[in-house]
1. Within the stretch 164-204, work out how many residues are closer than 20 Å to Ser245 by Cβ and modelled with pLDDT under 85.
2. Would you be able to tell me the number of residues in the stretch 1-25 that are surrounded by fewer than 24 Cβ atoms within 10 Å (Cβ to Cβ), within 19 Å of Pro266 (Cβ to Cβ) and either among the hydroxyl-bearing types (Ser, Thr, Tyr) or without any contact (Cβ under 8 Å) to a residue 40 or more places away in the chain (or both)?
3. Test of understanding: among Ser245, Ser241, Ser173, Ser210, which residue is buried (at least 22 other Cβ atoms within 10 Å of the Cβ), more than 29 Å from Pro134 (Cα to Cα) and hydroxyl-bearing (Ser, Thr, Tyr)?
4. Taking the options Ile346, Ile338, Ile267, name whichever one is farther than 23 Å from Asn121 by Cα, among the β-branched types (Val, Ile, Thr) and surrounded by 12 or more Cβ atoms within 10 Å (Cβ to Cβ).
5. If you take the residues of the stretch 281-307 that are among the hydroxyl-bearing types (Ser, Thr, Tyr) and at pLDDT 95 or above, which of them is farthest from Val126 (Cα to Cα)?
6. If you scan the stretch 151-173, which residues turn out to be over 16 Å from Val235 (Cα atoms) and either among the charged types (D, E, K, R) or touching a strand residue (DSSP E or B) at 6+ places or on another chain (Cβ under 8 Å) (or both)?
7. Within the bounds of the stretch 100-111, is there any residue that is surrounded by fewer than 15 Cβ atoms within 10 Å (Cβ to Cβ) and either touching a helix residue (DSSP H, G or I) at 6+ places or on another chain (Cβ under 7 Å) or not charged (D, E, K, R) (or both)?
8. So is Leu83 hydrophobic (A, V, I, L, M, F, W, C), out of contact with any strand residue (DSSP E or B) (no Cβ under 7 Å at 6 or more places or on another chain), over 29 Å from Gln112 (Cα atoms) and at pLDDT 95 or above or not?
Amino acid sequence: MKKIAILGSTGSIGTQTLDIVREQKDIQITAMAAGNNIDLLEMQIREFKPKLAAVWTEEKARELKVRTADLDVRIVSGMEGLLEVSTEPEGEILVTAIVGMLGIRPTIAAIQAGKTIALANKETLVTAGHLIMPLAKKYQVPILPVDSEHSAIFQSLQGEAQNVIRKIILTASGGPFRGRTTEELKDIRMEDALKHPNWSMGRKITIDSSTLVNKGLEVMEAKWLFDVDLDQIQVTIHPQSVIHSAVEFEDGAVIAQLGTPDMRLPIQYALYYPKRRSLSGKHLDLFACGSLTFEKPDTKTFRGLALAFRAMEKGGNMPTVFNAANEKAVAMFLEEKIPYLAIPEIIEASMETIPFLEDPKVEEILETETAVYQYIESRW
């Protein structure tokens, strides 16, 4: 019986993780954390019976305590609650599926507690990869990627530890606006940007996919996860989302992972690594696929990807500036406070304004995030 804890149990990755738990029947949930969706969290607690559950606000925690008074579960809140869930003694694997930089401190705490990390919170490595990866090495803790692209790369590297990577090929669907011009993006509405052609994801990551910012964040994450140089990562637009990513080795051989666009596959692979399990649902039919096509990304129209490379080349706290500015800008777009094309404008302006720090610690990373938010609120 595997024992796992989940940060972000009510989100897209969290709920799909619980789908796997239902199907496989040999995983026990020891702890779970959510934002403020206590209706769904209460249902999850009643079904999976964790000993510990966390929500973000004290008010929601008090309400959840009343609702679950008949159950043997302890309710906690805030960052301290996230840290408790991350280090719950019985949990062997921590699935980090919360969105944003909230994931940094709980991930660090889990590594220090010796937990295996199933990583779906890309912001942790984007902003603090220079801290997280050496810490994982020190504590000999595996970091198993849950993002479909990074899982594909990870799977392609199995048995290849002695071989030299020439290039990582990071695929992207291109999002709902692939092929459009800047002029055609001026009047994009929120509901249009939330229609991803292939994947079912949360609202923020769906917007990030449409701007290619998400692919920029994945470039940063790949650099840290696989210890490669930035110029060894090639982003390739692959509209069919059949090849989830690939690795080219020094002899020219390319090994890729193919499959249907189903996030349960990389989640399950991380939970049972190095073993595979049967998984329900539609499997890949190459005859039904037809042609597979590939394009270079349009970084002039979709400037978020180019800005991500610029941020990673600069290093220091600049990836944090990039990430925080995007988080704030996307939130404003979803609230219909700014137009779609203002998202990359806000990111670039923040990168040009916020003071650079070469080797930021956790506190300085979080201070950078605050500074970015304050700057954007004062300007837009």
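1. 6
2. Residues meeting the conditions: 5.
3. Being buried (at least 22 other Cβ atoms within 10 Å of the Cβ), more than 29 Å from Pro134 (Cα to Cα) and hydroxyl-bearing (Ser, Thr, Tyr) holds for just one of Ser245, Ser241, Ser173, Ser210, which is Ser210.
4. From the options Ile346, Ile338, Ile267, the qualifying one is Ile338.
5. So the residue we want is Thr293.
6. Phe154, Gln155, Ser156, Leu157, Glu160, Asn163, Val164
7. Checking the stretch 100-111: not a single residue is surrounded by fewer than 15 Cβ atoms within 10 Å (Cβ to Cβ) and either touching a helix residue (DSSP H, G or I) at 6+ places or on another chain (Cβ under 7 Å) or not charged (D, E, K, R) (or both).
8. no
The values are calculated or read from the model by the stated rules, or taken from the named source; none is laboratory data. Predicted, not measured: the structure shown is a model, and the values here were computed from it. Here the Cβ is made from the backbone with ideal geometry for all residues, glycine too, and neighbour counts use every protein chain on show.
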